[in-house]
1. Yes or no: Leu11 of a type in the set (A, V, I, L, M), over 36 Å from the mean Cα position of the chain (by Cα), surrounded by 14 or more Cβ atoms within 10 Å (Cβ to Cβ) and more than 30 Å from Leu135 (Cα to Cα)?
2. Identify all residues within the range 142-151 that are in a loop (DSSP other than H, G, I, E, B), exposed (fewer than 12 other Cβ atoms within 10 Å of the Cβ) and in contact (Cβ under 8 Å) with a residue 12 or more places away in the chain; write none if there are none.
3. Look at Lys125 and say whether it is of a type in the set (D, E, K, R) and in a helix (DSSP H, G or I).
4. Looking only at the range 79-91, filter to residues that are free of Cβ contacts under 8 Å to residues at least 24 places away in the same chain and surrounded by 13 or more Cβ atoms within 10 Å (Cβ to Cβ); which one of those is farthest from Thr138 (Cα to Cα)?
5. Could you check the range 98-114 and list, in sequence order, the residues that are modelled with pLDDT under 85 and out of contact with any helix residue (DSSP H, G or I) (no Cβ under 8 Å at 6 or more places or on another chain)?
6. Would you say Glu42 is farther than 30 Å from Arg120 by Cα, acidic (Asp, Glu) and over 29 Å from the mean Cα position of the chain (by Cα)?
7. Which one of Ser57, Ser53, Ser148 is closer than 30 Å to Ile40 by Cα and in contact with a Ser or Thr (Cβ under 8 Å, 6 or more places away or on another chain)?
8. If a residue counts only when it is modelled with pLDDT under 90 and acidic (Asp, Glu), which helices (runs of 4 or more DSSP H) contained entirely in the range 1-78 have at least 3 such residues?
Amino acid sequence: MAETPNLDELLPDYYDGVVDIHELVMAEQGQVTKLFDETIREIANQYVMTADSTGISVFENMLGIATDLSIDLETRRINVLASMMNHPPYTFKFLKFLLEKFAGRVELAQYPNDFKLVVRTWLEKLGQVDQLDYLLNTIVPANLIIDSTNEITANGTGHLYVGGVVTAVESYILSNDISGTYEINNTETLASGVHTFETIEINMKGA
């Protein structure tokens, strides 16, 4: 166990006899001690075996265990450990195994550098997609992007109808200048729709 640092002992020798500096660090000693104790406490609460009552209650909340302060701390620790042991580690191999049992055919690809998981399934039954979404959200770490695609293949019969529209547009430009030059442009395009454009330009210039 780490010991609380003593600020007065950490002062260099050349501060010996300097009353102001020693009084200053002694005034700050209480805050440093409190911060140190809180840090040690938070570190201990990261683990079930060293957590205090507050830390165990966090684990209980995560696992859905009702917090009962009338139970001694050691018993609460055992209850948390027993619940945690019922859940296998969520590895990539376990995720693939679980999805294959649930969905049958499944393709998984992981891209660690992009923090991305690609999931491809072929689910057809009602409610399966919602269940897949639940499994991915509860197993896959929150820092990963999930790219999930579900494909449904079905054979269909019927008729395909194609229609078209023909539109004709004529444009005339008249001028009082007669030059004897006449130009007629006609463009026709045939696709799903047919559009016809015709432009007639007449320039008349005086003699």
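1. So Leu11 passes the test.
2. The answer is Asn143, Glu151.
3. In short, no.
4. By that ranking, first place goes to Asn79.
5. Glu100, Lys101, Gly104, Arg105
6. no
7. Only one candidate qualifies: Ser57.
8. Ranges flagged: 19-44.
The values are calculated or read from the model by the stated rules, or taken from the named source; none is laboratory data. Keep in mind the model is a prediction, meaning the values are calculated, not measured. Here the Cβ is made from the backbone with ideal geometry for all residues, glycine too, and neighbour counts use every protein chain on show.
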